[in-house]
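The values are calculated or read from the model by the stated rules, or taken from the named source; none is laboratory data. Everything quoted here is computed from the prediction, not taken from an experiment. Cβ placement follows ideal geometry from the backbone for every residue including glycine, while neighbour counts extend to all protein chains displayed.
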Amino acid sequence: MLWYKAWLETRWRFLIGLAVLLVFACGAVFDYPAIARLNASVSAIDAPGNLGRLIREAAETQRTYRGFIWFQWYRQNLVQMWTILAVLLGSGGLLAASSRAALFALSMPASRTRVAGVRAATALMELLVLALVPSLLIPLLSPAVGQHYGLGDTAVHSASLFLAGSVFFSLAFLLSAVFDDFWRPMLITCAVALSQTLVGALVGLPFSGMLRVMSAESYFRSGQVPWVGLGLALTVGLLMLYAAVAVVERRDF
Amino acid sequence: MPEPIIETVALRKTYGDVDALRGLTLQVQAGSICGFLGRNGAGKTTTLKILLGMMRPTSGEARVFGRRADDSTASVEIRRDVAFVGEDKPLFDYMTVSEMVRFTAAFYPRWRRDLERHYLGIFGLSPAVKVKTLSRGMRTGLAVLLALCRDARLLILDEPTSGLDPAVSEQVLQALVSHVASAEMTVFFSSHHIAEVEQIADRVVMIDRGRATVAAALDDLREQYRRIRFVFDDDAPAAPVFRAEGVERVSRDGRVLTVLASGGAERIVEEARPLGPVSIDVIPVSLKEIFLESSGVEG
Amino acid sequence: MDTSFLRPNPSSGVPIYLQLIEQVKHAIETGALRAGEQLPGIRPLAERLVINPNTVAKAYRELEHEGVIELRHGAGAFVSADRRPRQLTNTMRAGQAIVAATVERLRARGLGEDEIRRLFEAQLAGLPRKGERSA
């Protein structure tokens, strides 16, 4: 019943997120013909400095369908929305946005570790589905616009997003074990996520940290799965989950 | 003497610079309905939370069924046989009544379906209604149902009838009374409502500023506590020192000397006779007055 | 008989079990309960009056000790067919007459109801309770 409870607690965030992502995935595919036409004219634009370089690079990448999907979906839409969902699902943790509910769960003959563990596991499974299922729509729908997208690429990119991005879930989860409200974990984690991804991208640094790992950029460019980055993110994420459970075990409610 | 169902020894709890419990020692025996009286902030909720493993004591011991309440593993075992109804009636707002029942029943193999049907009826609860839309009375009813259907040996309730109208209040009290069917069931409830403690409790523990002040059978309190009023012809003697035990407070007002005694009224009367009072009145003391006296409120 | 038990007053200063004892004795005196009749069970009565079952049990034990009722194991509580309760009833009647006379005399002296009550209370508070056993 703990699983059912965790499902009830997270289901709307999950279902709405899934619906939105599915729509955006369709959008990505069906936008391709229009974007392809636009791209042809963009590469001729001569804008100065960093911004100009970024625009030209973007156009260059999106010349191929694979590049387009990678750029629009795995590096932009999916990453952004999925990360938000990871933070949303991580916030609220054991407290389920209300300490009234927490006291009831705590009065059950179940260890706190189990209650928190089930909550985390449920959310992580939902996040895996959110990374994979909308992405699967792309190879499915691509033929409709006369294109092809490989299942192998889908698998690698979705997995990378999930494994690396779950670190944000873990951070939100840890923060909700420490803070009693819903907002602080969410805002702090969002701030961290933004700084790790957006900052790098805006400044145009070669190392944009998390974003590169989550979008498996090295795999896209040269077939190199970012094992180190993934390993690091996973380790940090697991450590934070472990810490979250430890906090929950020891604190007063 | 059999082992107490609940026992605390010199229990202390400090959060930040607040000393919620400052050496609380109490026992609750099996088969009793024990009322836990105390002012707001006296430490009642803290005590209950420690017993349930929701908080850890700063020092001292708390035991339920003889096991340490601050040990996580033991606490899970304790909760297999305990039902808790918290002050805000904690429940999962996003679940329906029947989902709450199914959730709770999943943890308690001895779930009483007969009582479930009975209390759904008594409190007027329909299975498909979401918990967050329940009125206060129905919410309490559901919390009580979930507590009683577990067939638990011990019920711990924090202000069970707060905010309830008299009719629902009475239904809750009746449910508690019928739960104490045999010597195996115990009820430990904190309350502000002195009248309801007087009605259903057979023992009372009073807590004030983190310590137990009074712990006795209710009938003993009724039979032992007396207010003795001596009236004198001239000014009453200045606070005489009584050798007899049981003198809680002596106050003097003009020609009247009043003694509050927690026992041994006869001996006190005998001791005061030589002072030559014109009249002696021995009056019973209500539980409310005993409570106010023990929590330092001037009577 | 179940429904004619009155709810005891928890705040009256008189222990609830004593109030119940009085009710049973009064019921026997007035004939609401006859010799050999069964009293309500401890638990049903406790539920009905919303009081502690231990309190009902205590009242019943006390009544049995005084010989007013019999507790038959497994069967319940029954009004004694003994002669003793009858004596008690007679004594009560005599006592009632004495009290009535005394109250009249005190009123003749100008004492009011409250004053008379206080005199009785003070007198009783000074006496050890008859046959009291610790619970």
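For the range B:27-58, what are the residues that are more than 11 Å from chain A (Cβ to nearest Cβ) and in contact with a helix residue (DSSP H, G or I) (Cβ under 8 Å, 6 or more places away or on another chain)? I'd like the intermediate steps shown before the answer.
Taking the range B:27-58 as the starting set, the residues that turn out to be more than 11 Å from chain A (Cβ to nearest Cβ) are B:27-44, B:47.
Matches in the range B:27-58: B:GLY31, B:SER32, B:ILE33, B:GLY35, B:PHE36, B:LEU37, B:GLY38.
Which condition breaks for B:ARG79 when tested against (1) closer than 23 Å to B:LEU142 by Cα; (2) in contact with a helix residue (DSSP H, G or I) (Cβ under 7 Å, 6 or more places away or on another chain); (3) within 12 Å of chain A (Cβ to nearest Cβ)?
Failing condition for B:ARG79: (2).
Hey, among the residues in the range B:172-188 that are at pLDDT 90 or above and touching a Ser or Thr at 6+ places or on another chain (Cβ under 9 Å), which one's nearest to the other protein chains (Cβ to nearest Cβ)?
Residue satisfying both the conditions and the ranking: B:LEU173.
Does B:ALA272 qualify as being crowded, with 20+ Cβ neighbours inside 10 Å and either modelled with pLDDT of 90 or more or not assigned by TED's automatic domain parsing to the domain that holds B:SER191 (or both)? Reasoning before the result, please.
Numbers: crowded, with 20+ Cβ neighbours inside 10 Å: no; either modelled with pLDDT of 90 or more or not assigned by TED's automatic domain parsing to the domain that holds B:SER191 (or both): yes.
In short, no.
If you scan the range B:211-235, which residues turn out to be more than 12 Å from every other protein chain (Cβ to nearest Cβ) and crowded, with 21+ Cβ neighbours inside 10 Å? Can you show your working first?
First, pick out the residues of the range B:211-235 that are more than 12 Å from every other protein chain (Cβ to nearest Cβ): B:211-215, B:232-235.
Within the range B:211-235, B:ALA212 is the sole residue that qualifies.
Sort out which residues of the range B:164-190 are touching a residue at least 12 places away in the same chain (Cβ under 8 Å), hydroxyl-bearing (Ser, Thr, Tyr) and surrounded by fewer than 22 Cβ atoms within 10 Å (Cβ to Cβ), and write them in order of number.
Listed by number, the residues that qualify are B:SER169, B:SER182.
Condition test on B:VAL241, is it crowded, with 20+ Cβ neighbours inside 10 Å, outside any helix (DSSP H, G or I) and not small (Gly, Ala, Ser)? Explain how you work it out, then say what you get.
Values: crowded, with 20+ Cβ neighbours inside 10 Å: no; outside any helix (DSSP H, G or I): yes; not small (Gly, Ala, Ser): yes.
Considered against the rule, which asks whether it is crowded, with 20+ Cβ neighbours inside 10 Å, outside any helix (DSSP H, G or I) and not small (Gly, Ala, Ser), B:VAL241 comes out as no.
Which of the residues that make up the range B:244-270 are of a type in the set (Gly, Ala, Ser) and not in a strand (DSSP E or B)?
Result: B:ALA244, B:GLY246, B:GLY254, B:SER262, B:GLY263, B:GLY264, B:ALA265.
Out of the range B:12-35, which residues are farther than 16 Å from A:ASP252 by Cα and at pLDDT 90 or above?
First pass over the range B:12-35, keeping only residues farther than 16 Å from A:ASP252 by Cα: B:22-35.
B:ARG22, B:GLY23, B:LEU24, B:THR25, B:LEU26, B:GLN27, B:VAL28, B:GLN29, B:ILE33, B:CYS34, B:GLY35, listed by residue number.
Taking the condition of being surrounded by fewer than 18 Cβ atoms within 10 Å (Cβ to Cβ) and part of a loop (DSSP other than H, G, I, E, B), how many residues in the range B:52-69 meet it? Lay out the reasoning, then the answer.
To start, the set of residues in the range B:52-69 that are surrounded by fewer than 18 Cβ atoms within 10 Å (Cβ to Cβ) comprises B:56, B:58-59, B:61, B:66-68.
Now narrow it down to the ones that are part of a loop (DSSP other than H, G, I, E, B): B:56, B:58, B:66.
Number satisfying all stated conditions: 3.
Restricting attention to the range B:135-146, report how many residues are crowded, with 20+ Cβ neighbours inside 10 Å and assigned to a loop (DSSP other than H, G, I, E, B).
Within the range B:135-146, residues that are crowded, with 20+ Cβ neighbours inside 10 Å and assigned to a loop (DSSP other than H, G, I, E, B) number 0.
Looking at the range B:191-210, which of the residues that are surrounded by 24 or more Cβ atoms within 10 Å (Cβ to Cβ), hydrophobic (A, V, I, L, M, F, W, C) and not in a strand (DSSP E or B) is farthest from the other protein chains (Cβ to nearest Cβ)?
Per the stated criteria, the residue is B:VAL197.
From the list C:ASN52, C:ASN9, pick out the single residue that is without any contact (Cβ under 8 Å) to a residue 40 or more places away in the chain, crowded, with 18+ Cβ neighbours inside 10 Å and within 10 Å of chain B (Cβ to nearest Cβ).
Numbers: C:ASN9 fails: crowded, with 18+ Cβ neighbours inside 10 Å.
Residue meeting the stated conditions: C:ASN52.
List the residue pairs whose Cβ atoms are under 6 Å apart, where the first residue sits in the range B:1-26 and is more than 19 Å from B:THR213 (Cα to Cα), the second is surrounded by fewer than 15 Cβ atoms within 10 Å (Cβ to Cβ) and small (Gly, Ala, Ser), and the two are 6 or more positions apart or on different chains.
B:GLU3/B:GLY66
Answer yes if at least one residue in the range B:147-165 is at pLDDT 90 or above, assigned to a helix (DSSP H, G or I), over 19 Å from the mean Cα position of the chain (by Cα) and more than 12 Å from chain C (Cβ to nearest Cβ), and no otherwise.
The answer is no; no qualifying residue exists.
Could you pull out the residue among C:ALA59, C:ALA35, C:ALA100, C:ALA94 that is surrounded by 11 or more Cβ atoms within 10 Å (Cβ to Cβ), among the small types (Gly, Ala, Ser), part of a helix (DSSP H, G or I) and free of Cβ contacts under 8 Å to residues at least 60 places away in the same chain? I'd like the intermediate steps shown before the answer.
Numbers: C:ALA35 fails: part of a helix (DSSP H, G or I); C:ALA100 fails: surrounded by 11 or more Cβ atoms within 10 Å (Cβ to Cβ); C:ALA94 fails: surrounded by 11 or more Cβ atoms within 10 Å (Cβ to Cβ).
Exactly one residue qualifies, and that residue is C:ALA59.
Looking at the range B:276-294, which of the residues that are outside any strand (DSSP E or B) and at the interface with chain C (Cβ under 8 Å from one of its Cβ atoms) is surrounded by the most Cβ atoms within 10 Å (Cβ to Cβ)? Even if it seems obvious, please write down each step before you answer.
Going residue by residue through the range B:276-294, those that are outside any strand (DSSP E or B) are B:276-278, B:285-294.
Filter once more, keeping what is at the interface with chain C (Cβ under 8 Å from one of its Cβ atoms): B:285-288.
Values: B:VAL285: 20, B:SER286: 20, B:LEU287: 24, B:LYS288: 15.
That would be B:LEU287.
What number goes with the only condition from (1) over 28 Å from A:GLU57 (Cα atoms); (2) modelled with pLDDT under 90; (3) surrounded by fewer than 18 Cβ atoms within 10 Å (Cβ to Cβ); (4) not small (Gly, Ala, Ser) that A:VAL199 does not pass?
Answer for A:VAL199: the failing condition is (1).
So C:GLU47 passes all but one of these: (1) under 19 Å from B:ARG222 (Cβ atoms); (2) not in a loop (DSSP other than H, G, I, E, B). Which condition number does it fail?
Result: C:GLU47 fails condition (1) only.
Any idea how many residues of the range B:1-40 are surrounded by fewer than 14 Cβ atoms within 10 Å (Cβ to Cβ) and under 24 Å from B:ASP151 (Cβ atoms)?
Total satisfying the criteria: 2.
Within the range B:89-116, track down each residue that is more than 9 Å from every other protein chain (Cβ to nearest Cβ), of a type in the set (D, E, K, R) and either closer than 18 Å to A:ARG114 by Cβ or in a helix (DSSP H, G or I) (or both).
Going through the range B:89-116, the residues more than 9 Å from every other protein chain (Cβ to nearest Cβ) turn out to be B:96-98, B:101, B:109-116.
Filter once more, so that each one left must be of a type in the set (D, E, K, R): B:110, B:112-114, B:116.
Answer for the range B:89-116, where residues must be more than 9 Å from every other protein chain (Cβ to nearest Cβ), of a type in the set (D, E, K, R) and either closer than 18 Å to A:ARG114 by Cβ or in a helix (DSSP H, G or I) (or both): B:ARG113, B:ASP114, B:GLU116.
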